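This report concerns only the one structure given below.
The values are calculated or read from the model by the stated rules, or taken from the named source; none is laboratory data. All of these numbers come straight from a predicted model, not from anything done at the bench. Cβ sites come from the backbone with ideal geometry, for glycine too, and all protein chains shown count toward neighbours. Areas reflect the complete protein model, heavy atoms only, side chains present, ligands, DNA and RNA absent. Shrake-Rupley method; radii C 1.70, N 1.55, O 1.52, S 1.80 Å.
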Amino acid sequence: MAERKVEIHRQTKETDIKLVLDLDGKGDATVNTGIPFMDHMFVAFARHGFFDIQIEATGDLQVDYHHLVEDLGLVLGQAIKKAVGDKRGINRYGSFLLPMDDALAQVAVDLCNRAFLVYNVPIKRYFVRDFNVQLVQEFFQALANEAGANVHVNLQYGEEPHHVIEAIFKGFSRALDIATQIDPRLGDSLPSTKGSLS
(Lines give C-alpha, C1' and ligand atoms only; values in the text may rest on other atoms or scores of the structure.)
Protein backbone atom coordinates (compact mmCIF):
# COMPACT_ATOMS: atom_id res chain seq x y z
CA MET A 1 0.00 0.00 0.00
CA ALA A 2 1.29 3.45 -0.93
CA GLU A 3 2.13 5.81 1.89
CA ARG A 4 -0.83 8.00 2.72
CA LYS A 5 1.07 10.82 4.36
CA VAL A 6 0.83 14.37 3.01
CA GLU A 7 2.06 17.84 3.82
CA ILE A 8 0.17 21.04 3.06
CA HIS A 9 1.38 24.62 3.47
CA ARG A 10 -1.07 27.45 2.89
CA GLN A 11 -0.23 31.08 3.45
CA THR A 12 -2.42 34.14 3.00
CA LYS A 13 -2.47 37.65 4.45
CA GLU A 14 -4.72 36.30 7.22
CA THR A 15 -3.27 32.89 8.09
CA ASP A 16 -0.19 30.71 7.70
CA ILE A 17 -0.76 26.97 8.20
CA LYS A 18 1.59 24.02 7.88
CA LEU A 19 -0.08 20.64 8.29
CA VAL A 20 1.22 17.08 8.01
CA LEU A 21 -1.33 14.24 8.02
CA ASP A 22 -0.70 10.49 8.04
CA LEU A 23 -3.90 8.47 7.65
CA ASP A 24 -2.14 5.31 8.79
CA GLY A 25 -0.63 6.66 11.97
CA LYS A 26 -0.86 5.81 15.65
CA GLY A 27 -2.79 8.82 16.92
CA ASP A 28 0.15 11.12 17.61
CA ALA A 29 -0.42 14.87 17.48
CA THR A 30 1.79 17.94 17.68
CA VAL A 31 -0.45 20.96 17.37
CA ASN A 32 0.06 24.69 17.84
CA THR A 33 -2.68 26.87 16.39
CA GLY A 34 -2.70 29.66 18.95
CA ILE A 35 -6.27 28.65 19.86
CA PRO A 36 -6.10 26.27 22.85
CA PHE A 37 -9.56 24.80 22.30
CA MET A 38 -8.78 23.93 18.66
CA ASP A 39 -5.47 22.39 19.74
CA HIS A 40 -7.46 20.18 22.11
CA MET A 41 -9.89 19.18 19.35
CA PHE A 42 -7.10 18.28 16.92
CA VAL A 43 -5.40 16.12 19.57
CA ALA A 44 -8.72 14.30 20.11
CA PHE A 45 -9.18 13.97 16.33
CA ALA A 46 -5.75 12.36 15.93
CA ARG A 47 -6.03 10.08 18.92
CA HIS A 48 -9.45 8.65 18.18
CA GLY A 49 -8.98 8.29 14.42
CA PHE A 50 -5.44 6.88 14.72
CA PHE A 51 -4.16 9.66 12.50
CA ASP A 52 -0.77 11.27 13.02
CA ILE A 53 -1.00 15.03 12.64
CA GLN A 54 1.35 17.96 12.94
CA ILE A 55 0.05 21.52 12.75
CA GLU A 56 1.87 24.81 13.08
CA ALA A 57 -0.46 27.72 12.45
CA THR A 58 -0.66 31.45 12.95
CA GLY A 59 -3.39 33.90 12.09
CA ASP A 60 -4.91 37.29 12.73
CA LEU A 61 -6.23 36.27 16.12
CA GLN A 62 -6.25 39.90 17.21
CA VAL A 63 -9.17 40.34 14.80
CA ASP A 64 -11.09 37.14 15.51
CA TYR A 65 -10.69 33.36 15.53
CA HIS A 66 -12.87 33.04 12.40
CA HIS A 67 -10.21 33.21 9.67
CA LEU A 68 -7.88 30.70 11.30
CA VAL A 69 -10.59 28.21 12.29
CA GLU A 70 -12.06 28.24 8.77
CA ASP A 71 -8.63 27.92 7.14
CA LEU A 72 -7.68 25.04 9.43
CA GLY A 73 -10.74 23.18 8.12
CA LEU A 74 -9.78 24.10 4.57
CA VAL A 75 -6.22 22.80 4.93
CA LEU A 76 -7.30 19.59 6.71
CA GLY A 77 -9.81 18.99 3.91
CA GLN A 78 -7.07 19.43 1.30
CA ALA A 79 -4.86 17.01 3.19
CA ILE A 80 -7.59 14.37 3.42
CA LYS A 81 -8.32 14.61 -0.30
CA LYS A 82 -4.65 14.35 -1.21
CA ALA A 83 -3.97 11.50 1.22
CA VAL A 84 -6.74 9.21 -0.11
CA GLY A 85 -5.57 9.78 -3.69
CA ASP A 86 -7.83 8.23 -6.32
CA LYS A 87 -9.79 6.42 -3.55
CA ARG A 88 -9.32 2.99 -5.04
CA GLY A 89 -9.84 0.29 -2.45
CA ILE A 90 -11.13 2.50 0.37
CA ASN A 91 -14.43 2.01 2.20
CA ARG A 92 -15.54 5.52 1.16
CA TYR A 93 -18.31 5.63 3.78
CA GLY A 94 -18.00 5.93 7.53
CA SER A 95 -20.39 6.68 10.36
CA PHE A 96 -20.07 6.85 14.12
CA LEU A 97 -22.35 7.56 17.07
CA LEU A 98 -20.32 8.97 19.93
CA PRO A 99 -21.33 9.80 23.52
CA MET A 100 -19.53 12.44 25.58
CA ASP A 101 -21.13 12.77 29.00
CA ASP A 102 -24.42 14.64 28.39
CA ALA A 103 -23.86 14.86 24.61
CA LEU A 104 -24.52 12.31 21.90
CA ALA A 105 -23.35 13.12 18.36
CA GLN A 106 -23.64 11.19 15.13
CA VAL A 107 -21.26 11.93 12.28
CA ALA A 108 -21.35 10.35 8.81
CA VAL A 109 -18.82 10.81 6.01
CA ASP A 110 -18.88 9.98 2.30
CA LEU A 111 -15.64 10.60 0.40
CA CYS A 112 -17.47 10.95 -2.90
CA ASN A 113 -15.89 14.05 -4.49
CA ARG A 114 -19.15 15.93 -3.93
CA ALA A 115 -19.02 18.54 -1.19
CA PHE A 116 -22.01 18.87 1.09
CA LEU A 117 -22.39 19.65 4.78
CA VAL A 118 -25.37 19.01 7.01
CA TYR A 119 -24.72 20.53 10.43
CA ASN A 120 -27.61 20.04 12.80
CA VAL A 121 -26.22 21.15 16.16
CA PRO A 122 -28.83 23.01 18.21
CA ILE A 123 -27.24 24.26 21.42
CA LYS A 124 -28.03 27.19 23.67
CA ARG A 125 -24.58 28.04 24.99
CA TYR A 126 -22.07 29.18 22.39
CA PHE A 127 -18.84 29.77 24.27
CA VAL A 128 -16.12 27.58 25.70
CA ARG A 129 -14.07 30.20 27.49
CA ASP A 130 -13.52 32.77 24.68
CA PHE A 131 -14.09 30.31 21.82
CA ASN A 132 -17.40 30.63 19.98
CA VAL A 133 -18.39 27.06 19.09
CA GLN A 134 -20.49 28.32 16.17
CA LEU A 135 -17.15 28.57 14.32
CA VAL A 136 -17.04 24.77 14.23
CA GLN A 137 -19.68 24.82 11.49
CA GLU A 138 -17.38 27.05 9.42
CA PHE A 139 -14.54 24.59 10.05
CA PHE A 140 -16.54 21.62 8.77
CA GLN A 141 -17.97 23.56 5.81
CA ALA A 142 -14.45 24.42 4.65
CA LEU A 143 -13.30 20.85 5.26
CA ALA A 144 -16.19 19.32 3.29
CA ASN A 145 -15.63 21.74 0.40
CA GLU A 146 -11.92 20.99 0.10
CA ALA A 147 -12.11 17.25 0.78
CA GLY A 148 -14.97 16.85 -1.70
CA ALA A 149 -16.91 15.04 1.00
CA ASN A 150 -20.44 14.70 2.26
CA VAL A 151 -20.26 15.36 6.00
CA HIS A 152 -23.37 15.00 8.13
CA VAL A 153 -23.17 16.13 11.76
CA ASN A 154 -26.21 15.58 13.93
CA LEU A 155 -26.35 16.34 17.63
CA GLN A 156 -28.89 13.99 19.17
CA TYR A 157 -28.78 15.89 22.44
CA GLY A 158 -26.38 17.74 24.71
CA GLU A 159 -26.09 21.00 26.62
CA GLU A 160 -22.47 21.53 27.67
CA PRO A 161 -20.76 23.10 24.61
CA HIS A 162 -17.35 21.57 25.31
CA HIS A 163 -18.87 18.09 25.46
CA VAL A 164 -20.92 18.72 22.32
CA ILE A 165 -17.99 19.86 20.19
CA GLU A 166 -15.64 17.20 21.51
CA ALA A 167 -18.21 14.51 20.71
CA ILE A 168 -18.44 15.91 17.17
CA PHE A 169 -14.68 15.93 16.60
CA LYS A 170 -14.21 12.45 18.03
CA GLY A 171 -17.18 11.14 16.06
CA PHE A 172 -15.82 12.70 12.89
CA SER A 173 -12.40 11.15 13.42
CA ARG A 174 -13.90 7.69 13.96
CA ALA A 175 -16.14 8.04 10.90
CA LEU A 176 -13.22 9.27 8.79
CA ASP A 177 -11.04 6.40 10.00
CA ILE A 178 -13.67 3.93 8.79
CA ALA A 179 -14.14 5.74 5.45
CA THR A 180 -10.40 5.85 4.68
CA GLN A 181 -9.66 2.24 5.59
CA ILE A 182 -8.62 -0.12 2.81
CA ASP A 183 -11.07 -2.96 2.15
CA PRO A 184 -9.18 -5.89 0.58
CA ARG A 185 -12.37 -7.11 -1.06
CA LEU A 186 -12.34 -4.04 -3.30
CA GLY A 187 -8.88 -4.74 -4.65
CA ASP A 188 -7.92 -1.89 -6.99
CA SER A 189 -11.48 -0.89 -7.81
CA LEU A 190 -13.37 2.25 -6.92
CA PRO A 191 -16.12 2.04 -4.26
CA SER A 192 -18.78 3.05 -6.78
CA THR A 193 -21.30 1.21 -8.97
CA LYS A 194 -20.84 3.72 -11.81
CA GLY A 195 -17.07 3.33 -11.95
CA SER A 196 -16.25 6.89 -10.96
CA LEU A 197 -16.54 9.21 -8.00
CA SER A 198 -18.01 12.59 -8.95
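Computed over protein heavy atoms with a 1.4 Å probe, the carbon and sulfur contribution to the accessible area of segment 100-158 reaches 45%. For the chain, the residue among V84, I8, A44 whose Cα projects farthest onto the positive side of the dipole built from Cβ charges is V84. Over 30 Å apart at the Cα level, from the set K5/K124; K87/K124; K26/K82; K5/K170, are K5/K124; K87/K124.
Radius of gyration over Kirkwood radius for segment 113-171, both on Cα atoms: the Rg/Rh ratio is 0.98. Would you compute the Debye intensity of segment 91-140 from its alpha-carbon atoms alone, equal scatterers and no solvent, and pass along log10 I(q)/I(0) at q = 0.14, 0.25, 0.29, 0.32 Å⁻¹ to two decimals? At q = 0.14, 0.25, 0.29, 0.32 Å⁻¹ the computed log10 ratios are -0.48, -1.15, -1.26, -1.30. Pair-distance distribution P(r) for segment 50-174, from all Cα-Cα distances in 5 Å bins starting at 0: 2, 11, 19, 24, 20, 15, 7, 2, 0 percent.
How high is the FRET efficiency from Q156 to K26, r the C-beta distance, R0 35 Å, rounded to 0.05? So, using R0 = 35 Å, E works out to roughly 0.70. Cα centroid separation, segment 112-183 to segment 1-43: 17 Å.
The aspartates and glutamates whose alpha-carbon is closer than 17 Å to the alpha-carbon of K18, local same-chain residues fewer than 8 away aside, are E7, D28, D39, D52, E56, D60, E70, D71, E146. FRET efficiency for the N132 to R185 pair, using the beta carbon distance and R₀ = 41 Å, is estimated at 0.40. The angle between the Cα long axis of helix 135-147 and the longest principal axis of the Cα atoms of the chain comes to about 20 degrees, rounded to the nearest 10.
Other residues within the sphere of radius under 9 Å centred on the Cβ of E56, judged by their own Cβ, net out at 0 (K and R +1, D and E -1).
The slack between H9 and N113, meaning 0.36 nm per residue of separation minus the straight C-alpha distance, is 35.3 nm. Prolate is the label for segment 31-71, because the ratio a/c of its alpha-carbon gyration tensor axes (a ≥ b ≥ c) is 1.5 or higher and a/b is greater than b/c.
Assuming charge only on the beta carbon of Lys and Arg (+1) and of Asp and Glu (-1), the dipole of segment 50-95 about its Cα centre is about 520 debye to the nearest 20. Could you work out [θ]222 nm for the chain from helices alone, using -39500 (n - 2.57) per DSSP H run of at least four and dividing by all its residues? Round to the nearest 500 deg cm²/dmol. Value at 222 nm, helices only, nearest 500: -11000 deg cm²/dmol.
Phi angles across segment 159-175 convert, under the Karplus curve 6.51 cos²θ - 1.76 cosθ + 1.60 with θ = phi - 60°, into 3J(HN,Hα) values of 10, 6, x, 4, 4, 4, 5, 5, 4, 5, 5, 5, x, 5, 5, 5, 5 Hz, Gly and Pro given as x.
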